[in-house]
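Step one of this worksheet: look at the structure below.
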Amino acid sequence: MRTVMITAPSSNTGKTTITLGLIRAIKNRGFNISAFKTGPDFIDTKYLEQASNKKAGNLDIHLMGKDGIRNSLEMNLGDYGVVEGVMGYFDGIYNTYENSSFHISKELDIPAILVYKPEGEMFSAIPKIKGMVEFSDSRIKGIIFNKVDKNMFLLLKEKVEEYINIEVLGYLPKDTSLEIDSRYLGLKQVHENQQSEYLISKAAEALENTVNIDRILDLTNNIELEPYNYPEKRNITVALAYDKAFNFYYNENLKLLENICNIEYFSPMKDKKVPKADIIYIGGGYPELYKEELSSNVFMINDIRENAEKGIPIIAEAGGLMYLLTSIEDIPMCNIFSGNAIMTNRLQRFGYVNIELKEDTIIGKKGTTVTGNEYHRSQVDTDEQPVFHITKPMNNNRFWECGYTYKNVLGYYQHINFLGNINAFNYLLDMAENIRKEG
């Protein structure tokens with residue numbers, strides 16, 4: 001698969017808009033285009049999916065491991081792959097470039113295109129760009145300037161070509177209609193943004209006018225890949241919550257479940273019962289925005305509680321954990337875990353984590369370590385005893401506890417990509433099979 005990465009010196013440079021436009025422009029040429037996002041983001045991938053008209057993948061060494069990022073590409077093959085970077089190109093875990101877009105580019109041999117948005121500068125942009133291009137085999141092969149007019153672009157292009165051995169591939173003029181509204185957890189979700197299709201199409205048209213897309217295709221690198229070899233199919237049914245309140249799932253997790261298990265989707269907001277299943281999976285999302293609707297669906301709440309009492313394994317991540325509490329901001333929920341979720345005006349936790357199991361759970365035995373990511377503004381007021389010991393990568397001095405159990409229910413704030421934690425995934429499936437046999 002011929003692949004390229006779109007990156008930038010920092011966040012808020014417009015690389016998402018340019019990535020979306022490039023994906024759609026390549027798709028419009030009749031190619032099968034696969035989209036990927038470096039890092040743990042859920043919301044950007046949904047825009048990437050709309051642009052490519054197929055599921056997008058994540059590439060994250062901490063969450064997946066080095067084999068896992070290649071496996072993610074193998075799960076989502078196409079004629080071309082376009083990867084959107086995260087944050088600044090070299091920004092990794094702690095004060096390093098480990099797990100940065102740069103790190104992933106090197107591991108997978110993906111060339112990068114740098115999106116640069118000049119801000120209050122002219123020639124000063126040149127040494128900045130030069131430093132990035134020449135740093136440690138950066139793999140940056142081209143530059144796209146963003147939010148500049150044609151005259152400024154030509155001035156910058158002249159000096160880049162004079163001082164830096166890099167191709168200038170074009171520019172995108174400033175256009176407020178190409179900007180995506182944001183919310184506290186990142187980009188506004190696709191289903192909330194009625195203009196998303198217009199934005200993607202317009203971005204593609206704009207790039208066709210001012211960016212050399214054919215040259216970008218020339219700069220892609222062919223990565224030799226084989227289709228991902230999924231483990232043998234199991235006779236396990238997974239009921240997975242998916243609606244406006246719960247839709248934060250790694251597509252790698254969904255593909256594992258869809259190819260290894262039987263998967264039934266349901267809506268905690270609208271459906272009356274959970275499909276008959278061996279495992280119930282309630283992912284993250286924004287349940288706080290729909291707490292009245294969730295609370296009023298007492299049929300669903302009662303059915304989830306009945307499944308919990310029967311010993312059906314239930315995984316509840318982040319927003320899913322909030323739903324299983326007694327309440328969200330004092331609005332009644334499932335009450336499987338005693339406690340109230342309270343929204344705050346700032347982030348409570350942010351970033352990568354390592355999880356050590358303090359007790360046996362449905363994803364592993366005591367002492368098992370799992371990697372994850374955590375990002376939320378809510379906090380839980382609870383007396384439940386936590387079963388996770390959480391530490392930050394490269395900084396064991398920062399630690400806290402999380403994760404709660406009731407029978408075979410496990411709720412936690414972290415998001416886990418099972419492609420990089422396949423032992424935990426298999427442990428969950430094995431337990432589900434054993435519970436069904438014993439039942």
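For a 26 Å ceiling on Cα separation, which of these pairs sit above it: Lys130/Lys150; Lys55/Lys233; Lys66/Lys407?
In this structure, Lys66/Lys407 lie more than 26 Å apart at Cα.
Any idea which of Thr371, Asn151, Val86 is furthest toward the positive side of the dipole for the chain, if Lys and Arg beta-carbons carry +1 and Asp and Glu beta-carbons -1?
Of the candidates, Asn151 comes out farthest on the positive side.
Can you tell me which of 234-243, 152-161 comes out highest on packing, and rank the rest after it, using the mean Cβ neighbours within 10 Å?
The peptides rank, most packed first, as 234-243, 152-161.
In whole angstrom, how far apart do the alpha carbon centroids of the range 32-65 and the range 392-433 sit?
22 Å
So what is the orientation-averaged projected area of the range 284-370, using the convex hull of its C-alpha atoms, in nm²?
6.5 nm²
Starting from the 7 Å offset along Cα-to-Cβ, what nm value, one decimal, do you get for the label separation of Asn151 and Lys365?
Here the answer is 7.3 nm between the modelled labels.
DSSP beta bridges in the chain, what fraction antiparallel, as a percent rounded to 5?
45 percent
Please compare each pair in Lys54/Lys157; Lys46/Lys202; Lys141/Lys244; Lys117/Lys244 to a cut-off of 28 Å on the Cα-Cα distance and tell me which ones are over it.
Lys54/Lys157; Lys141/Lys244; Lys117/Lys244
Can you tell me how the range 2-222 classifies by the Cα gyration tensor, rounded, prolate or oblate, using a/c under 1.5 as the rounded cut?
Rounded, since a/c falls under 1.5.
Could you do me a favour and compute the accessible area per residue for the chain, 1.4 Å probe, result in Å²?
Value for the chain: 42 Å² per residue.
Enumerate the aspartates and glutamates that Lys437 could reach by cross-link, defined here as Cα to Cα under 16 Å, with residues fewer than 8 away along the same chain left out.
The qualifying aspartates and glutamates are Asp278.
May I ask for the distance between the Cα centers of the range 84-129 and the range 306-373, given as a whole number of Å?
34 Å
For the range 343-415, restrict the atom set to alpha-carbon positions and state the Rg and Dmax in Å.
12.2, 36
Under a point-charge model restricted to the Cβ atoms of Lys and Arg (+1) and Asp and Glu (-1), what is the dipole moment magnitude of the chain relative to its Cα centre, in debye to the nearest 20?
260 debye
Which listed residue (Thr210, Asn354, Met269) has the Cα farthest towards the positive end of the charge dipole for the chain, taking +1 on Lys and Arg C-beta and -1 on Asp and Glu C-beta about the Cα centre?
Thr210
Answer with one residue from Ile61, Met75, Gln195: the one whose Cα lies farthest towards the positive end of the charge dipole of the range 2-222, charges on Cβ with Lys, Arg +1 and Asp, Glu -1.
Gln195
Compute a Gaussian network model of the chain, connecting alpha carbons closer than 10 Å, and tell me which residue from Arg398, Arg377, Arg139 fluctuates the most.
Judging by the Gaussian network model, the answer is Arg398.
Using the Kirkwood formula over every pair of different C-alpha atoms, what hydrodynamic radius in Å results for the range 237-438?
16.8 Å
If you roll a 1.4 Å probe over the chain with all protein chains in place, what percent of the accessible area is carbon or sulfur?
Answer for the chain is 45 percent, counting heavy atoms of protein chains only.
Within the set of other residues whose C-beta is less than 10 Å from the C-beta of Ser52, count the net charge using Lys and Arg as +1 and Asp and Glu as -1.
With Lys, Arg at +1 and Asp, Glu at -1, the net is +3.
Please give every one of the lysines within straight-line cross-link reach of Lys392, meaning a C-alpha to C-alpha distance under 17 Å, and leave out same-chain neighbours fewer than 8 residues apart.
By straight Cα distance, Lys392 reaches Lys358.
Please state the relative contact order of the chain as a whole percent: Cα pairs under 8 Å, 6+ residues apart?
This gives 14 percent for the chain.
Report the gain in length on full extension from Glu306 to Glu356: 0.36 nm times residue separation, minus Cα-Cα distance, nm rounded to one decimal.
15.1 nm is the gain from fully extending Glu306 to Glu356.
Cβ neighbours within 10 Å, averaged per peptide: list 86-94, 302-310, 324-332, 50-58 in order, most packed at the top.
For the peptides 86-94, 302-310, 324-332, 50-58, the packing ranking is 50-58, 86-94, 324-332, 302-310.
The values are calculated or read from the model by the stated rules, or taken from the named source; none is laboratory data. Just so it is clear, the structure is predicted and the values come from calculations on it, not from any experiment. Cβ sites come from the backbone with ideal geometry, for glycine too, and all protein chains shown count toward neighbours. Heads up: the accessible areas ignore ligands, DNA and RNA and are worked out on the full protein's heavy atoms, side chains in. Shrake-Rupley method; radii C 1.70, N 1.55, O 1.52, S 1.80 Å.
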